[in-house]
Amino acid sequence: MKSAVVVFPGINRDNDMAHALEVVSGSKAHMVWHADTELPDVDVVVVPGGFSYGDYLRCGAIAARAPIMAAVRRHAERGGFVLGVCNGFQILTEAGLLPGVLMRNASLKFVCKLVHLRVDNANTAFSSAYAAGEVFRTPVAHGEGNYFADDETVKRLEGEGRVVFRYVDTAGNRGTGGNPNGAVNDIAGILNEAGNVLGMMPHPENLVEPIQGGTDGRGIFASVLAAVA
Amino acid sequence: MKARIIVTLKTGVLDPQGKAIEGAFKSFGLAGIDGVRQGKYFELDVAEADPAAARAKLTEACEKLLANTVIENYHIDLA
């Protein structure tokens, strides 16, 4: 699997992401600078987490207008895979590649902990390595992860199976405190209409090796690896 | 031409920061202020002499960057 990680000023999870991509796929990721206008020939582009441009204006707002994002948009339009994690998810919504917006956590607190996600659609390029309904752990670390979209958009996402990951408790139940940020319908990760762009707030790249405390997050990378094979 | 832009959250969008500010009023005993909604204020210089052209440019600035129209409204004032 050929992959690229986009690096913006203020991004800090780029190396974690590149490491996870290499651990799971066996090949090194290309690191692409935000001011570049072309992507290398890759199967998947990852927009990683961090604090691009210090979260100025709105999280992801400035990065979404960076020169490289036009190339990321063309890659998505060609059907190439795009994964956005945390700040990367915020950037993809700001760029219009995914609907909705990530607002300030309802608690107003930065959350940094392990959460449980339930796979509500295992029939996607990003989740096929998991079983439908499977519950797995991932770390979250964000202050603005409170997913919001208008009622009509949420209805569409739900109706089209585009809510791929949802916050739940250890038993896979909703409404019992598993949602760390107040996201509407406990939404943790969504897919675009074409099924080739996924954004999620949690950090699967930080749970791909036993030394990190588990391998729960591997499935996302393994799914994409299988999709491009 | 100078311009001022105010970006506010749309009605119905939860504003936890506004709520926290409201809570702070209560915590130091200032009663009778509620419905706090936090927004953003921008001052800009536009290189246009024609108000209509300036407004068109600022509208593009708002739509493409200054406001996220999923959750925010914007208001443009030309000086």
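The values are calculated or read from the model by the stated rules, or taken from the named source; none is laboratory data. These numbers were taken from a predicted model, which means no experiment stands behind them. Here the Cβ is made from the backbone with ideal geometry for all residues, glycine too, and neighbour counts use every protein chain on show. Surface areas here come from the heavy atoms of the whole protein model, side chains and all, with no ligands, DNA or RNA. Shrake-Rupley method; radii C 1.70, N 1.55, O 1.52, S 1.80 Å.
Some points to look at:
- If you go through region A:197-229 and keep only what is of a type in the set (S, T, N, Q) and open to solvent by less than 10 Å² (accessible area, probe 1.4 Å), you end up with just A:S223.
- Listed conditions (1) within 14 Å of another protein chain (Cβ to nearest Cβ); (2) free of Cβ contacts under 8 Å to residues at least 60 places away in the same chain; (3) open to solvent by 60 Å² or more (accessible area, probe 1.4 Å); (4) outside any loop (DSSP other than H, G, I, E, B) are all met by B:T11, apart from (4).
Rundown of residues vs (1) in contact with an Asp or Glu (Cβ under 9 Å, 6 or more places away or on another chain); (2) assigned to a strand (DSSP E or B); (3) under 27 Å from A:D43 (Cβ atoms), yes/no style:
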position	(1), (2), (3)
A:A131	no, no, yes
A:R137	yes, yes, yes
A:L157	no, no, yes
A:G182	no, no, no
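- Selected residue (only one of A:V85, A:V24 is open to solvent by less than 30 Å² (accessible area, probe 1.4 Å) and closer than 15 Å to A:L98 by Cβ): A:V85
Table: residues versus (1) in a loop (DSSP other than H, G, I, E, B); (2) farther than 26 Å from B:P16 by Cα; (3) β-branched (V, I, T); (4) at pLDDT 95 or above.
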{"position": "A:D16", "(1), (2), (3), (4)": "no, yes, no, yes"}
{"position": "A:E22", "(1), (2), (3), (4)": "no, yes, no, yes"}
{"position": "A:T37", "(1), (2), (3), (4)": "yes, yes, yes, yes"}
{"position": "A:V46", "(1), (2), (3), (4)": "no, yes, yes, yes"}
{"position": "A:A64", "(1), (2), (3), (4)": "no, no, no, yes"}
{"position": "A:A70", "(1), (2), (3), (4)": "no, yes, no, yes"}
{"position": "A:R74", "(1), (2), (3), (4)": "no, yes, no, yes"}
{"position": "A:G79", "(1), (2), (3), (4)": "yes, yes, no, yes"}
{"position": "A:G88", "(1), (2), (3), (4)": "no, no, no, yes"}
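- Scanning region A:79-95 for residues that are more than 10 Å from every other protein chain (Cβ to nearest Cβ) and not β-branched (V, I, T) gives A:G79, A:G80, A:F81, A:L83, A:G84, A:C86, A:N87, A:G88, A:F89, A:Q90, A:L92, A:A95.
- Residue pairs meeting the criteria (Cβ under 7 Å; at least 6 apart or on separate chains; first more than 10 Å from chain B (Cβ to nearest Cβ) and open to solvent by 20 Å² or more (accessible area, probe 1.4 Å), in region A:48-63; second part of a helix (DSSP H, G or I) and of a type in the set (A, V, I, L, M)): A:Y53/A:A63
- Some residue of region B:23-45 being touching a strand residue (DSSP E or B) at 6+ places or on another chain (Cβ under 9 Å), away from chain A (no Cβ under 14 Å) and surrounded by 15 or more Cβ atoms within 10 Å (Cβ to Cβ): no
- Restricting attention to region A:65-78, the residues that are within 14 Å of chain B (Cβ to nearest Cβ) and not charged (D, E, K, R) total 3.
- Residue match in region A:120-138 (condition: under 30 Å from B:G23 (Cβ atoms) and open to solvent by 20 Å² or more (accessible area, probe 1.4 Å)): no
- Residue ID - nearest to A:M69 (Cα to Cα), chosen from residues in region A:96-113 that are at the interface with another protein chain (Cβ under 8 Å from one of its Cβ atoms) and part of a strand (DSSP E or B): A:V101
Here is a yes/no grid of residues against (1) within 14 Å of chain B (Cβ to nearest Cβ); (2) not charged (D, E, K, R):
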residue	(1), (2)
A:S128	no, yes
A:F136	no, yes
A:G145	yes, yes
A:Y167	no, yes
A:A171	no, yes
A:E193	no, no
A:L198	no, yes
A:V208	no, yes
A:G213	no, yes
